[in-house]
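Written below as structure tokens is the structure these notes are about.
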Amino acid sequence: MPVFNAGKNIAHIIGNTLNIPVIELSHQEGHILSASYKNNVNYNESIVYGHLSGGTLEFVDKNFNIVGKTLDISFGQLIDRTGVALGIQFPAGKEIDKLAIAYNKADKPPIKKITVKETDVNISGIENQINKLIDSKDYSKEAISYFVMKTIADSLKTIIDNLDYKQVLLSGGVSSSQFLRQYFINTNVMFGRADLCSDNAVGLALSEGELPWL
């Protein structure tokens, strides 16, 4: 992608100018490494990595083969679009998360489940259903936020169950959600530190040029 090539070119210019080595790692590798920081990850056991962000929904294995993904939009896009429809400032993830946690009725969402095809998902249909609930004005912002987050969490669990790995490590902005962390408590799902889930350079710095699982 052009945005990453720009950074790569600048890194090589600096490296050549200062006569220092340039170590290339991908954006996704950086997310995974930062999520593994201070997590009890056993790289000798089977593990799958999930990258959940505003524009990405992918699960990859140790060799970065995609083993699960969205077939249309991401969880992050669904959350942000819901927030905008509710009049919440973009990006809406943190506010939607707070509202969802504040809703304590734990009602069953009055919408169909996200379609999961083995380890792939179709999400865009849920957006239309959520918009209809918002337009009906029958539900509070807290209720709508809960319906979105609960539906996401349920579909995420289905994907993870179908992947059937001993360890699951989630990274990316969406994985900073406290709602999701509560949902998956006492499971095989690990989350990166909340302040390291969004874009950062910690993972790349920790790698020292090598990936610990390869």
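Points to keep in mind about this one:
- When 135, 154 are screened for being at pLDDT 95 or above, within 27 Å of residue 65 (Cβ to Cβ) and open to solvent by 30 Å² or more (accessible area, probe 1.4 Å), only 154 passes.
- In the range 92-136, the residues that are without any contact (Cβ under 8 Å) to a residue 40 or more places away in the chain and touching an Asp or Glu at 6+ places or on another chain (Cβ under 7 Å): 92
- Filtering the range 106-141 to residues that are of a type in the set (D, E, K, R), closer than 13 Å to residue 158 by Cβ and in a loop (DSSP other than H, G, I, E, B) leaves 113, 118.
- Residue selected from the range 60-96 under the condition hydrophobic (A, V, I, L, M, F, W, C) and in a helix (DSSP H, G or I), by the criterion farthest from residue 137 (Cα to Cα): 75
- Residue within the range 132-152 that is farther than 25 Å from residue 194 by Cα and within 18 Å of the chain's Cα centre (by Cα) present: no
- Residue 44 meets each of the listed conditions (1) loosely packed, with under 15 Cβ neighbours inside 10 Å; (2) under 20 Å from residue 177 (Cβ atoms) apart from (2).
The values are calculated or read from the model by the stated rules, or taken from the named source; none is laboratory data. In this text the structure is predicted, and so the values were computed from the model without any measurement. Neighbour counts are summed over all protein chains in view; Cβ atoms, including those assigned to glycine, are modelled from backbone coordinates with ideal geometry. For accessibility, only protein heavy atoms count, side chains too; no ligands or nucleic acids. Shrake-Rupley method; radii C 1.70, N 1.55, O 1.52, S 1.80 Å.
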